[in-house]
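The values are calculated or read from the model by the stated rules, or taken from the named source; none is laboratory data. Please read these numbers as outputs of a predicted model, since none were measured by experiment. Positions of Cβ are generated from backbone atoms using ideal geometry, with glycine treated the same way; all protein chains shown enter the neighbour counts. To get the accessible areas, we keep the full protein, side chains included, count just its heavy atoms, and leave off ligands, DNA and RNA. Shrake-Rupley method; radii C 1.70, N 1.55, O 1.52, S 1.80 Å.
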Amino acid sequence: MPAPDILVRAHELTKRFGQFTAVDAISFELRQGEAFGFLGPNGAGKSSTMRMIGCVSPPTGGELSILGMDPVADGPAIRSRLGVVPQEDTLDVELTVRENLLIYGRYFGLPRAVIADRTDRLLDFVQLTERGNDQVEPLSGGMKRRLTIARSLINDPEILLLDEPTTGLDPQARHVVWDRLFRLKQQGVTLILTTHYMDEAEQLCDRLVVMDGGKIAAEGSPRELIDQYSSAEVLELRFHPSEHDQAAEKLRDVPAERMEVLADRVLLYVPDGDAALAAAGDLGLEPLTSLVRRSTLEDVFLRLTGRRLED
Amino acid sequence: MSAPAVWQRQPAVEPAAAGARRVPGPVVMALREFRFWLVNYRRTWKGTIYSSVLNPVLYLGAMGLGLGKLVDQHGQLGRLGGVSYLVFLAPGLLAAAAMETAMGESTYPVLGSVKWLKTYYAAAAAPLRPRDIFHGHLMFTTMRLIMNCAIFLVVMSAFGAVKSAWVLAALPVAVLTGLAFAAPIEAFAITRDKDSSFAALFRFGMIPMFLFSGTFFPVSQLPAWIRPLAYVTPLWHGVALCRSLSLGTADLAGSLVHVGYLLALAAIGIAVGQRTYRRRLYV
Ligand SMILES: Nc1ncnc2c1ncn2[C@@H]1O[C@H](COP(=O)(O)OP(=O)(O)O)[C@@H](O)[C@H]1O
Ligand SMILES: [Mg+2]
């Protein structure tokens, strides 16, 4: 029997498309009340995983149990208790905002009065009350995304699945969405989210897995991952292109936990960035710019995969 | 400031009540998708009614009355079963109108739902299964068929193109004729990524059928070697049965063959569509 507070359990879960393995034997557990994230670049297999959890993509191998049920045999029963925000909006743009919620509520067999009541609350929550009777088509990307989030909550779901909730939005629209998701989190919502934005993962996820090439590279809270795979601080140095390689070579004499030489910068992973900068100065190096910052999940990803998250 | 509680239910791994795995029956599920189409149709129904009325008026006026006068003067009534051209033509056009309605509802709307608007995916993320989505769409197609065919029958009667009260039975027959097209075509349309094959379907399927399946003239006028081709088209069966009902000349055995043929096509379309919808929506 699964532990009572584990809502999703995946064991060596695999998805293949023909010969291509999109999700490669991943194992994870989702606990009640947590915000769990998949962080990885495009093509990592995040959406494929989400679609399997959403019971619209039969696993090719491994085990998957959602709310104690089997996604293939009990798809409709499971989906009736999930909320889904897919990567691409599937709103009916020819209908109004309210009609979209009405139709979606009916998919769950909810009575009209219940839908009407929830629609008011949800539109208020996603700040779309004034647009309730407007057609969806002309709404901005951020508004559509918020409407999709409102729609995903119409059935009062037990787990909320969010596939790249803010991809493609401008920074301001992203912050509005983040704010709403953060409130959901505060209300104790259990959510699974995928993202390729490390700041999104850091802000919203209690626990996350770093995914790359269909595999899970690491797992933990953002803090744990940073502590485990990176240093307290990072010193970023930028040199004149003609001096870049030479400088990188010299920098090996500065004591550091790790050094990454990128095309345009050198990153030194150190406990104390200022001290490292002073040490670089003592070696006679004169960077064009220097920056001391805290480690982020981006650094974790770089360490784990040798590549950057966002390109 | 506190956010309104939009989250009320506590999750539970164990199905809370006995029967939590139970889902509504297939009809209830399909009705949910049907209602989606109804809400959508609210925006466009007026325009569709206009054309449902205008089409039979134009066709029956031009071909039944105009061309019909010429045909009738020619004194060939024997080959038309002893009735005027208008009376001969009208039930054929009824079946053809059902075909046209079916093709319209089962091509672009299906591709649009999976490719352009992606509304099928919204339904699939909710409890509906691919087959429920398919059945619901077919239900809506059926409703459109009933509407259009009923309007056609009314216009037809107004033109005095009806000979027998049996013509009322032509309504379900025309709807069935439409479904014999709609079910297989929806099953096919869901497999498409582009609409180019629809143009071919209209050009090489619908139009030749419209012209050569007995709508405008008896198939017996065609060269003998080509007639079997007309007999296998669903439209010929629909036309023949609608006509025999409208003229009051239907016999039981022949009618059963036509109905059986049309039912078989619809049933095959439904069986195939359940699979193709699943394959498309559950990747
Ligand atoms: N239906 C499909 N058919 C074939 N390949 C697919 C399909 N869906 C996804 N893939 C491939 O699987 C890999 C993972 O895709 P996806 O899960 O969408 O990644 P992510 O969401 O992390 O960007 C990609 O290489 C993608 O091209
Ligand atoms: Mg994705």
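Counted residue by residue at 0.36 nm each, then reduced by the alpha carbon distance between them, the extension gain from B:Val28 to B:Leu70 reaches 9.9 nm.
With Cα atoms as the point set, the radius of gyration and Dmax of chain A evaluate to 22.5, 74 Å.
If the segment from A:Arg238 to A:Arg121 were pulled out straight at 0.36 nm per residue, it would be longer than the present Cα-Cα gap by 37.1 nm.
For the residues B:Trp166, A:Trp178, B:Trp225, a 1.4 Å probe over the protein chains yields an accessible-area ranking, largest first, of B:Trp225, B:Trp166, A:Trp178. Computed with a 1.4 Å probe on the full set of protein chains, the accessible area for B:Asp195 sits at about 60 Å².
Modelled spin labels at B:Arg79 and B:Leu256, positioned 7 Å past Cα toward Cβ, are 3.3 nm from each other. Here A:His11 and B:Arg279 are evaluated by their C-beta separation; at R0 = 22 Å the FRET efficiency comes out at 0.25.
Taking label points 7 Å from Cα along the Cα-to-Cβ direction, B:Val154 and A:Asp282 give a separation of 9.5 nm. Above 18 angstrom, tally the Cα pairs of segment B:120-271 and express them as a % of all pairs, no decimals. Tail of P(r) above 18 Å: 64 percent of Cα pairs. Between B:Arg42 and A:Asn42, the modelled label-to-label distance comes to 3.9 nm, taking each label 7 Å out from Cα in the direction of the beta carbon.
Go ahead and collect, in residue order, the members of segment A:82-99 whose backbone nitrogen is under 17 Å from a label point 7 Å along the Cα-Cβ direction of B:Met147. What the label zone holds, given the 17 Å backbone N cut-off, is A:95. Rounded to the nearest 10 degrees, the inclination of helix A:171-186 to the longest alpha-carbon principal axis of chain A is 70 degrees. Using the 1.4 Å probe convention, the accessible area of the protein assembly as shown works out to 43 Å² per residue with neighbouring protein chains retained.
Each peptide in B:240-248, A:8-16 receives the mean, over its residues, of other Cβ atoms within 10 Å, and ordering these scores from highest gives B:240-248, A:8-16. Relative to the dominant Cα principal axis of chain A, helix A:141-152 is inclined by about 50°. Across peptide B:21-34, the average count of Cβ atoms from other chains found within 10 Å of a residue's Cβ is 3. When chain A is treated as a GNM with alpha-carbon contacts under 10 Å, the residue of A:Ile154, A:Ile103, A:Ile216 showing the greatest mean-square fluctuation is A:Ile103.
From the Kirkwood radius over Cα pairs of the protein assembly as shown, Stokes-Einstein at 10 °C and 1.306 mPa s returns a whole-number translational diffusion coefficient of 57 µm²/s. Pairs from the list A:Lys144/A:Lys185; B:Lys46/B:Lys163; A:Lys15/A:Lys215 with a Cα-Cα gap above 19 Å: A:Lys144/A:Lys185; B:Lys46/B:Lys163. The ratio of the alpha-carbon radius of gyration of segment A:147-299 to the globular-protein estimate 2.2 N^0.38 Å is 1.32.
State the Kirkwood hydrodynamic radius of chain B in Å, one decimal place, computed from all pairs of distinct Cα atoms. In chain B this quantity evaluates to 20.6 Å. Derived value for segment A:232-294: Kirkwood hydrodynamic radius 11.2 Å. Basis is the mean of 1/r over every pair of different alpha-carbon atoms.
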